[in-house]
Amino acid sequence: CQQSQHRLIPDAMSKKWLYRLLIWIGLTASVFIPLPAQAFPSQKQISRQIRQQLSGVESQKWLQVHRQTIKSNKLLFQFYRQRQFNPAWMTPARLQPLVQEMIHAIRQSRFDGLEPEFYHLKEIITATSAIAGNSQQRDPATSIASLDLLLSQAFLQLGRHLQRGKAGAPIANSARFLKTADNQLLEALSNLLVSGKIFSELEGLKTNGQHNKSLRQALGKYLRIKARGGWPVIPPGKALKKGDRDIRINLIKNRLLQTGDLNKSTIALNKKKEPAPVFDSVLESAIRHFQGRHGLRRSGRLNRKTRLALNLPVEKRLLQIQINMDQRRRLPRNLRRRHIIVNIPSMELKAILNKKIVLKMRVIVGKPEHQTPVLSDTIPYLVINPYWYIPPDFIKDEILPAMRKDPNYLAIRGIRLFEKMSADKKEILAENVDWQSLTPDKINFYFRQDPGWDNSLGAIKFVMPNRQHIYLHDTPSKSLFQKSSRALSFGCVRVEQPVKLATFVLQDTRNWTESKIRRLMNIGDLQRVNLSEPVPLYLAYWTVQMDQKNRLQFLPDVYNLEPDLIASFTAIK
């Protein structure tokens, strides 16, 4: 018995050491042997999570997904409700390859003048990597559902911005337009899930105003300049002209080289001839070129305004290009065969037929205190030798002060007074009005100027029924068109060549020619002319455009709208 007891002791010790050895081996192996892959949740589990995350849409204005706040909840809810809340971006066992295509489309949005971070790019990449890498997650069904929602939201938001712009409401902002636009978004998202053609669906959402290859190329150029670190800053100093010498001249040339205002081969040839920093004719020409592109007087000198424009950071120029690409999206989706566009900052009208500019002219737009609005309208008729019903602002600012000084002011200009809202248009004699004590709030009659050579509307008025009472018209003050800055009106748009514009809008109306229009103008009688088909007119606000030589132009922000547009554009919403 004693011998047997001695044999049991080593056996017990052996078992103890064996147990410890097995534990050590297990812990060590766990470092090198991968754990079993986490099971991909079923479609039913993911659908349940999608439904749950969207459950508060009807009562909440905002939706939180993956720490991202998104706003288009109702449209997102509508999309998933149509598909019984089934996921859109996964197969029964994995994420679709379409996810990477969507990530690529978001990245490429910067070439449309948009910012990828608007569309949850960072969060989508992080979530996709975690799910594709099969990392251990507490609730994989929730994570996949959240990613699915973010991807759908990203497409809807990117599509919406391409479709109607990000900063400011679309020009055609009716309830019918918005409903149609939302339906197009939902259809595009459903289509791409079948076809896999994300870029094709996004392209189909763009308006005609976005198909400006030159503006896209200019954006790409400025993006490359930004990637290289931008351009040099020109230090302050004395104004420079041809023949001057200054240590800043080589810096100025380098700056002008980057934006193509100075030709590289020309400056290389010039360096061989004269290496000293002199303000030569090549630099003078380059500065003139730069000034012409930036709405500055083409003096060829480096003055303070030119230096400040040269020093404006590339990031600021990029934002200007981006918001102007965005403003073009506010145009209607399909522009008519014949239409007119007035760009307020360039103070220019273009008449377009079959996508070609057939007529171009200078215009006079509203003063900063009487701004011409951005709007979309149609011209259903024009009036030859029109009356001018004078607006309240003009009466307050011009007529009342003038009549207090000169009682004959109205008679000299053919302006008569009539009872307001009077059926028989009973006339009121100007001499019976106490002009010295009359104030705008006490005026209970209206002012009408008869047709004539000095009528403020000139010989032709192009009527567009709208709430702002804005229209196009001729003017007797032809000399004003020679001014470089023509923000001079009370809101309406004065056109330089009214007869040519009338001929353009009446091309499809029978029996109307330029000679007939001129003959009626000379007769002097008022005549309304209905167009056989109304001509669309768009009053736009674009401070960046391509000129006739396909050069990028930065125009003066005449109404100082850019700061608000930039703030609206850069906000993530």
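The values are calculated or read from the model by the stated rules, or taken from the named source; none is laboratory data. Owing to the predicted nature of the structure, the values given are computational and were not obtained by experimental measurement. Every residue, glycine as well, gets a Cβ built from its backbone with ideal geometry; the counts of neighbours run over all protein chains shown. Just the protein is used for accessible areas: all its heavy atoms, side chains included, with ligands, DNA and RNA removed. Shrake-Rupley method; radii C 1.70, N 1.55, O 1.52, S 1.80 Å.
Could you tell me whether the stretch 228-237 includes any residue that is farther than 30 Å from E284 by Cβ and open to solvent by 40 Å² or more (accessible area, probe 1.4 Å)?
No, the conditions are met nowhere in the stretch 228-237.
Pairs only if they're at least six apart or on different chains, beta carbon under 6 angstrom, first in the stretch 542-560 and buried (at least 16 other Cβ atoms within 10 Å of the Cβ), second of a type in the set (S, T, Y); list them, first residue then second.
Short answer, once both residue conditions are applied: L555/S346; L555/T543.
Out of the residues in the stretch 279-297 meeting the condition of being of a type in the set (A, V, I, L, M, F, W, C) and open to solvent by less than 10 Å² (accessible area, probe 1.4 Å), tell me which one is nearest to S485 (Cα to Cα).
Residues of the stretch 279-297 that are of a type in the set (A, V, I, L, M, F, W, C), as a first pass: 279, 282-283, 286-287, 290, 296.
Now restrict to residues that are open to solvent by less than 10 Å² (accessible area, probe 1.4 Å): 279, 283, 286-287, 290.
Numbers: F279: 30, L283: 27, A286: 23, I287: 21, F290: 18 Å.
Among residues in the stretch 279-297 that are of a type in the set (A, V, I, L, M, F, W, C) and open to solvent by less than 10 Å² (accessible area, probe 1.4 Å), the one nearest to S485 (Cα to Cα) is F290.
Does Q153 satisfy the condition of being among the polar types (S, T, N, Q), at pLDDT 85 or above and touching a Ser or Thr at 6+ places or on another chain (Cβ under 7 Å)?
yes
With respect to the numbered conditions (1) in a loop (DSSP other than H, G, I, E, B); (2) open to solvent by 30 Å² or more (accessible area, probe 1.4 Å); (3) at pLDDT 90 or above; (4) within 25 Å of L565 (Cα to Cα), which one is the sole condition not fulfilled by K61?
Of the numbered conditions (1) in a loop (DSSP other than H, G, I, E, B); (2) open to solvent by 30 Å² or more (accessible area, probe 1.4 Å); (3) at pLDDT 90 or above; (4) within 25 Å of L565 (Cα to Cα), the odd one out for K61 is (3).
Given the options A181, A167, name the one that is open to solvent by less than 10 Å² (accessible area, probe 1.4 Å), at negative phi and assigned to a helix (DSSP H, G or I). Steps first, answer last, please.
Details: A167 fails: assigned to a helix (DSSP H, G or I).
Checking each option against the conditions leaves just A181.
Would you please list the contacts, defined by Cβ atoms under 8 Å and residues six or more apart or on different chains, that run from a residue in the stretch 429-444 that is more than 18 Å from A411 (Cβ to Cβ) to a residue that is in a loop (DSSP other than H, G, I, E, B) and open to solvent by 100 Å² or more (accessible area, probe 1.4 Å)?
Listed pairs, sorted by first residue: N444/K420.
Of all the residues that make up the stretch 477-508, how many are over 14 Å from L349 (Cα atoms) and in contact with a Ser or Thr (Cβ under 7 Å, 6 or more places away or on another chain)?
Number of matching residues: 2.
Given the stretch 518-573, what strands (runs of 3 or more DSSP E) lie entirely inside it while holding 3 or more residues that are out of contact with any helix residue (DSSP H, G or I) (no Cβ under 9 Å at 6 or more places or on another chain)?
So the answer is 527-540.
Output the number of the condition that F79 fails; it satisfies all remaining conditions of (1) surrounded by 15 or more Cβ atoms within 10 Å (Cβ to Cβ); (2) without any contact (Cβ under 8 Å) to a residue 24 or more places away in the chain.
Only one criterion is unmet by F79, namely (2).
Restricted to the stretch 151-187, and to residues that are among the aliphatic types (A, V, I, L, M) and closer than 13 Å to L75 by Cα, which residue is farthest from the chain's Cα centre (by Cα)? Steps first, please.
Filtering the stretch 151-187 down to residues among the aliphatic types (A, V, I, L, M) leaves 151, 154, 156, 158, 162, 167, 169, 171-172, 175, 178, 181, 185-186.
With the extra rule that they be closer than 13 Å to L75 by Cα, the set shrinks to 154, 156, 178, 181, 185-186.
Numbers: A154: 19, L156: 18, L178: 17, A181: 17, L185: 19, L186: 23 Å.
Within the stretch 151-187, the match that is farthest from the chain's Cα centre (by Cα) is L186.
Would it be correct to say that S195 is surrounded by fewer than 12 Cβ atoms within 10 Å (Cβ to Cβ), polar (S, T, N, Q) and under 30 Å from Q78 (Cα atoms)?
yes
Among the candidates K461, K500, K478, which residue alone is more than 24 Å from E533 (Cα to Cα) and either over 28 Å from the mean Cα position of the chain (by Cα) or crowded, with 19+ Cβ neighbours inside 10 Å (or both)?
K478
Residue by residue through the stretch 388-436, note down the ones that are open to solvent by less than 70 Å² (accessible area, probe 1.4 Å) and in a loop (DSSP other than H, G, I, E, B).
I390, P391, D406, G414, S422, V433, W435, listed by residue number.
Can you work out which of the residues in the stretch 207-255 that are in a helix (DSSP H, G or I) and hydroxyl-bearing (S, T, Y) is modelled with the lowest pLDDT?
The qualifying residue modelled with the lowest pLDDT is S214.
Looking at (1) of a type in the set (S, T, Y); (2) at pLDDT 95 or above; (3) more than 21 Å from Y541 (Cβ to Cβ), which is the only condition Y389 fails?
(2)
Against the definition (at pLDDT 95 or above, touching a strand residue (DSSP E or B) at 6+ places or on another chain (Cβ under 9 Å) and open to solvent by 70 Å² or more (accessible area, probe 1.4 Å)), how does R362 come out, yes or no?
Values: at pLDDT 95 or above: yes; touching a strand residue (DSSP E or B) at 6+ places or on another chain (Cβ under 9 Å): yes; open to solvent by 70 Å² or more (accessible area, probe 1.4 Å): yes.
Answer is yes for this residue.
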